[in-house]
1. Which of the numbered conditions does residue 104 fail, given that it passes all the others? Conditions: (1) in contact with a strand residue (DSSP E or B) (Cβ under 8 Å, 6 or more places away or on another chain); (2) not in a loop (DSSP other than H, G, I, E, B).
2. Is there any pair linking a residue in the stretch 175-198 that is farther than 17 Å from residue 115 by Cβ to one that is in a helix (DSSP H, G or I) and small (Gly, Ala, Ser), with Cβ under 9 Å and at least six apart or on different chains, and which?
3. Hey, residue 114 hits all of (1) assigned to a loop (DSSP other than H, G, I, E, B); (2) within 18 Å of residue 17 (Cβ to Cβ); (3) open to solvent by less than 70 Å² (accessible area, probe 1.4 Å) but one; which does it fall short on?
4. Looking at the stretch 54-72, which of its residues are closer than 24 Å to residue 102 by Cα and either touching a residue at least 60 places away in the same chain (Cβ under 8 Å) or surrounded by fewer than 19 Cβ atoms within 10 Å (Cβ to Cβ) (or both)?
5. Condition (residue is farther than 20 Å from residue 179 by Cα and touching a helix residue (DSSP H, G or I) at 6+ places or on another chain (Cβ under 7 Å)) applied to the stretch 106-125: is it met by at least one residue?
6. Scan (1) modelled with pLDDT under 90; (2) under 21 Å from residue 30 (Cβ atoms); (3) of a type outside the set (Ser, Thr, Tyr) for the single condition residue 117 breaks and write down its number.
7. Could you check, for the stretch 167-179, whether at least one of its residues is surrounded by 14 or more Cβ atoms within 10 Å (Cβ to Cβ), within 14 Å of residue 19 (Cα to Cα) and either touching a Cys at 6+ places or on another chain (Cβ under 9 Å) or of a type in the set (Lys, Arg) (or both)?
8. Return the total of residues in the stretch 122-152 being among the aliphatic types (A, V, I, L, M), buried (at least 16 other Cβ atoms within 10 Å of the Cβ) and out of contact with any Gly (no Cβ under 6 Å at 6 or more places or on another chain).
Amino acid sequence: MRQVAGPINPRWKAILLFGPTGSGKTPLGQLLEKEGLEGKRCLHFDFGEVLRASAKYKTGQLTSSERLVVENSLRIGALLENKHFFIAKKLLVGYLTERNANMDTLVVLNGLPRHTGQAEAMESVVEVRSIISLDCEPLIAWERIRINAGGDRGGRADDTLKEVESRIEVFRKRTSLLLKYYHERGVPVLPLDVGVKTTAQEMRLQLEAKWS
């Protein structure tokens, strides 16, 4: 008997929080998940947090070999390259499925994609509708981390000056290219000004003023 193919899975709608480490992406993402945006339910996918949890706990979605890849990436501060994107996809899809995301949910991406290869691979999973660019100079980002301006840096062993500088350099060389990638695809970029003591609520107010 001939089987009838089911419907093609639609992509989740998403916004991407874009900015260097320390710019306040996590506090803003948490606030958007708590309060929503324009009446839409938001789910904040903090890829860094999910990766650290995956490496820490031996049970979960990843196999032992996949956890080794994640552990190595975290240890040397490297990005997951294209050949390992399936790990990121597994974590993202698993997270959204567990949280009962539907087509009306707005996924707030934080830390994924980190380079254009990941952005291309993600197009089968999510549709990025807007880029929320947290404009923050490196010295301001470091000072925000130093004083824990967003309240989200407690217990981060990787927040030494050397490691922060390394992550900012990776952001400059690779992640910053995402703006050009999405601009060429007609995705709007909404810039938010971030200072040393700018709060998530202040960022949200800027976002609401520019959101349409």
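1. (2)
2. Every condition considered, the pairs that remain are 194/141.
3. So residue 114 meets the others, but not (3).
4. 60, 61
5. Within the stretch 106-125 (the criterion being farther than 20 Å from residue 179 by Cα and touching a helix residue (DSSP H, G or I) at 6+ places or on another chain (Cβ under 7 Å)), the answer is no, since none of the residues qualifies.
6. (2) is the only condition that residue 117 fails.
7. yes
8. To start, the set of residues in the stretch 122-152 that are among the aliphatic types (A, V, I, L, M) comprises 122, 125-126, 128, 131-132, 134, 139-141, 145, 147, 149.
Those left that are additionally buried (at least 16 other Cβ atoms within 10 Å of the Cβ): 122, 125-126, 128, 131-132, 134, 140-141, 145, 149.
Narrowing further to those that are out of contact with any Gly (no Cβ under 6 Å at 6 or more places or on another chain): 122, 125-126, 128, 131-132, 140, 149.
So the answer is 8.
The values are calculated or read from the model by the stated rules, or taken from the named source; none is laboratory data. All of these numbers come straight from a predicted model, not from anything done at the bench. We place every Cβ from the backbone using ideal geometry, glycine too, and count neighbours over all the protein chains shown. SASA here: full protein model, heavy atoms, side chains in, ligands and nucleic acids out. Shrake-Rupley method; radii C 1.70, N 1.55, O 1.52, S 1.80 Å.
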